[in-house]
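Below is one structure; the comments refer to it alone.
Every number in this text was worked out from the coordinates using simple rules, so none of it is lab data. As the structure is a prediction and not an experimental result, all values here were calculated from the model. Here Cβ is always computed from backbone atoms with ideal geometry, including for glycine, and neighbour counts include all displayed protein chains.
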Amino acid sequence: MARDAALPIAVRQLTKSYGTLRVLDAVDLDVQRGEFLTLLGPSGSGKTTLLMMLAGFVRPDCGSIRFGEREVIRLAPHKRDVGMVFQNYALFPHMDVAANIAFPLKLRGIGKAETTQRVEQALELVKLGGYGARRIDQLSGGQRQRIALARAIVFEPRILLMDEPLSALDKQLREHMQIELRQLHERLGMTTVYVTHDQREALTMSDRIAVIDLGRIRQIDTPKAIYERPANRFVAEFIGESTFITVDVDAVGCSFNGVPLTLASQPSRKGSHQLMIRPERLTILEHAATAGINVLPATVTAAIYQGDSVLVQASLSDGKIVSVRASASARVPLVREEIYLGLKAADTYLLPVEERAA
Amino acid sequence: MSHEAGLNAKGLRRDALAERLILFSLSGPAVLLVTMTMLVPVGWLFWLSFLDDAGGFSLEHYQRMLVQPSYGRAFRITFEISFITTAICILLGYPLAYALSQLPRRVANICMIAVMLPFWTSLLVRTYAWLVLLQRQGLINTWGIKLGLWDSPLALVHNLNGTLIGMIHIMLPFMVLPVYATMRSIDRDYLKAAANLGASPTLAFWLVFLPLSLPGLVAGALMVFILCLGFYVTPAVLGGGKITMVANRIATDIELFFNWGAASSLGVVLFILTGIILYAASRLVRLDRFLSGGGA
């Protein structure tokens, strides 16, 4: 399918309440033509509700959803023409694999010969060629996942929705499928909205990520921007590990507990700020005075060997505990040992000051 | 090291044996009861059906069944009534079960109690209650005439109508229960998936919901049909002596003619026919897979 056949999605003011609980709060969202957008959030954040509204299974209280130019907010699910992969796959147990994939083609009145051909093509695409005659209960979890995907794309929908499609797979298979799904998306180019609560999955697969919490989009940006420049504390804490230390900014510069720090960029507002520290951006220094890097003295409280890395927890001069992820080949420091942590100026990020009671 | 002489092997084997013995002894009383009250009498009746009045071996009871048309009629009416009852139970029970399965679970549970209520009342009481309702001066005829729905009393009882009404009423829960249980177990996501792939609600029902609910429907239909074959009280009371099902015929043979051999042979034939139907049905719809919950 050509990429220009994909449809953009425009969501405006989408709102849904169950009683007093507001699951979606006037959400605006634009998904570009052919984009892979992930809705990421903790359970109960409203991400699945939003996806179900795109598919037409949940009726919003108000708002607008457009696929391309077409308003679909009141359109019945079976008329929306979007592909969907369900969390539990929802493959029909009374049909074999081929009949499952042929189902949407049959409903669209496509002839027998073409159906057979397209079913086999879809099977090839998900690398399960020749599996047509299998019963659903003869398939493994990973195979079911692929069949569900084949069924969702066989009728060439211009929008593809996926509801945590990999959550039932084991870790290794999941990581493998993430890459495969990503490649498939690049090949087919359909606009894709993907729901997950797994941040690593979101970072791996998406063009952009929309982080959702309490029915609102807290930030929408590329994986790199979301990880390195979170817009608020929720996003910073939800994506990756992070510690925040309070630093003071005055006319001269920035300091932490009296120790001067060099920042990547000087904030315009003076006063106290939250500096975000990611464990993998800290290094354990050999010497107390190392040029060109911020040095934070700390005392080791725990050091854990984790195979691919060493996780060190250390308390800073103000008593705050920070995590440091050091290379496994480095020397594992001892508990209560005095160490010096290095933080490059380029790796410093001050959290934007949030307005109170937003 | 060999397993035979392994560390503690003997003791562990003895433990396993002891556990199995305990399990077996738990099922002992039930096995004994079934043997004493079911297998022995049935075996004895089976034996009786091959004896003539003088106690010698004979096939006369089976021959009589072929020669005397009244026996054939009893079998035919039995199967006819069972078939009609089953069909009407499907027509009434399936939509009811569907409606219940779409309700919130709490509401559905209350409705299920309403369905089950007659189930917990004595069959005899219910049958006589229908007699009161359906007879010429009964509630239904009185009101029907009063409201001008019909002019003279309808023959609702002491015939096939009454028998069917009574049997359908008694059998309906047997249909609703398995169908409802199967429908409840159908994941809603199947219907969502069908809609997402382009099926209108009607098509989704025919292509997905109905096939998935079929195991319950088959189980219910078989249960109703087979229970109907052995009905006695309802045709006796509501049929007004005009409806002679096999069970009624058996009763007549024993009570009026004291002919245990004839009665036994009827029982044996009914038993065999039921077995054949079950077997045919299981071949037809792979009952074993349905009964083991393989449907969903």
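Please go through the range B:155-229 and write out the trypsin sites (Lys or Arg not before Pro) that DSSP classes as loop and that have at most 11 other C-beta atoms within 10 Å.
Working: sites: B:Arg184, B:Arg188, B:Lys192; in loops: none.
Passing both the DSSP loop test and the Cβ count: no residue.
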At 25 °C and 0.890 mPa s, grab the translational diffusion coefficient of the range A:100-198 from Stokes-Einstein with a Kirkwood Rh over Cα pairs, rounded to a whole number in µm² per second. 174
Give me the number: length gained by fully extending A:Ser268 to A:Arg22, i.e. 0.36 nm times residue separation minus the C-alpha to C-alpha distance, one decimal in nm. 85.0 nm
So who's got an amide H within less than 5 Å of the one on A:Ile284, skipping anything under 5 residues away but keeping other chains? H placed 1.01 Å off N, in plane. A:Gly342
Say R0 is 45 Å: what FRET efficiency, to the nearest 0.05, do B:Ala5 and B:Ala30 get from their beta-carbon distance? 0.70
Reciprocal mean inverse distance between Cα atoms of the range A:200-315 - Kirkwood radius, Å: 16.5
Using a Förster distance of 51 Å, the FRET efficiency for A:Gln121-B:Arg76 (Cβ separation, nearest 0.05): 0.35
How long is the range B:76-128 along each principal axis, judged by its Cα atoms, biggest number first, in Å? 43, 25, 10
The range B:186-235 to the range A:295-337: how many Å between their Cα centroids? 62
Cα→Cβ-extended label distance, 7 Å offset, between B:Met38 and A:Ala133, nm: 4.1
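Check each of the trypsin sites (Lys or Arg not before Pro) in the range A:85-163 and keep only those in coil by DSSP with at most 16 other C-beta atoms within 10 angstrom; list them in order.
Numbers: sites: A:Lys106, A:Arg108, A:Lys112, A:Arg118, A:Lys127, A:Arg134, A:Arg135, A:Arg144, A:Arg146, A:Arg151, A:Arg158; in loops: A:Arg108, A:Lys127, A:Arg134, A:Arg158.
Those satisfying the criteria are A:Arg108, A:Lys127, A:Arg134.
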Taking the alpha-carbon centre of each part, the distance from the range A:1-55 to the range A:120-135 in Å is 31
How compact is chain A by the rule of thumb for globular proteins, expressed as Cα Rg over 2.2 N^0.38 Å? 1.20
Once the dipole of the range A:241-350 is set up with Lys and Arg at +1 and Asp and Glu at -1 on Cβ about the Cα centre, which of A:Gln313, A:Pro297, A:Val252 lies farthest towards its positive end? A:Val252
Note to self, the protein assembly as shown gives a 222 nm [θ] from helices alone (DSSP H runs n ≥ 4, -39500 (n - 2.57) apiece, / all residues, nearest 500) of -14500 deg cm²/dmol
Helix check for chain B. Which DSSP H runs span at least 18 Å along their own axis by Cα, with a mean Kyte-Doolittle hydropathy no less than -1.0? B:9-34, B:69-102, B:160-185, B:210-229, B:260-285
Projected label distance in nm at B:Ile145 and A:Ser315, using a 7 Å step from Cα toward the beta-carbon: 9.9
Can you figure out the FRET efficiency of A:Ile73 with B:Asp53, using R₀ = 60 Å and their beta-carbon distance, to the nearest 0.05? 0.10
List the residue ranges in chain A for DSSP H helices whose C-alpha atoms run 15 angstrom or more along the long axis and whose Kyte-Doolittle average is 0.5 or above. A:97-107
Per-selection metrics, the protein assembly as shown (Cα): Rg and Dmax in Å: 37.0, 125
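Can you put A:Cys62, B:Cys111, B:Cys228, A:Cys254 in order of Cβ neighbours within 10 angstrom, beginning with the fewest? Provide the component values of the computation, followed by the final result.
Details: A:Cys62 11, B:Cys111 16, B:Cys228 25, A:Cys254 20.
Going from sparsest to densest Cβ surroundings: A:Cys62, B:Cys111, A:Cys254, B:Cys228.
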Share of Cα-Cα pairs in the range B:63-291 lying beyond 29 Å, as whole percent: 41
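Which value in Å is the Kirkwood Rh of the range B:1-48 over different Cα pairs? Spell out each step's value before the answer.
Details: mean 1/r = 0.0729 Å⁻¹.
Its Kirkwood hydrodynamic radius stands at 13.7 Å.
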16 Å Cα-Cα reach of A:Lys344 towards aspartates and glutamates, excluding residues that sit fewer than 8 places from it in its own chain: A:Glu228, A:Glu280, A:Glu286
Amide H contacts of A:Ala303 (H built 1.01 Å from N, under 5 Å, at least 5 apart or other chain): A:Gln313
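Using 0.36 nm times the number of residues separating A:Ile304 and A:Val259, minus their current alpha carbon distance, what extension gain do you get? Intermediate values should be presented prior to the final figure.
Working: separation 45, 0.36 × 45 = 16.20 nm, distance 2.79 nm.
Going from the current span to full extension adds 13.4 nm.
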Amide proton proximity set for A:Asp213, modelled H, under 5 Å, gap of 5+: A:Arg218
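In the neighborhood of A:Ile220, defined by Cβ-to-Cβ distances under 12 Å, what is the net charge if each Lys or Arg adds +1 and each Asp or Glu adds -1? Please report the intermediate quantities before stating the final value.
On the way: positive: A:Arg208, A:Arg216, A:Arg218; negative: A:Asp28, A:Asp30, A:Glu35, A:Asp207, A:Asp221.
Charge balance in the 12 Å sphere: -2.
Rounded to the nearest 5, what % of the DSSP beta bridges within the range A:3-237 are antiparallel ones? Each step should come with its number before you reach the end.
Working: 20 of 37 bridges.
Here the share of antiparallel DSSP bridges comes out near 55 percent.
First select every other residue whose beta carbon is under 10 angstrom from the beta carbon of A:Met53; then total the charges, Lys and Arg +1, Asp and Glu -1. Mind dumping the intermediate values first?
Numbers: positive: A:Lys16, A:Arg59; negative: none.
Charge balance near A:Met53 sits at +2.
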Set the bar at 31 Å for Cα to Cα. Now go through A:Lys16/A:Lys106; A:Lys16/B:Lys192; A:Lys47/A:Lys270 and name every pair that lies beyond it. A:Lys16/A:Lys106; A:Lys47/A:Lys270
For a quick check, take a GNM of chain B with Cα springs below 10 Å and name the residue from B:Gly138, B:Gly93, B:Gly162 with the largest mean-square fluctuation. B:Gly138
Under 12 Å from the Cβ of B:Ala263, count the other residues' Cβ atoms, weight Lys and Arg +1, Asp and Glu -1, and hand me the total. 0
Averaged over the residues of B:198-207, the number of partner chain Cβ atoms within 10 Å of each residue's own Cβ comes to 4
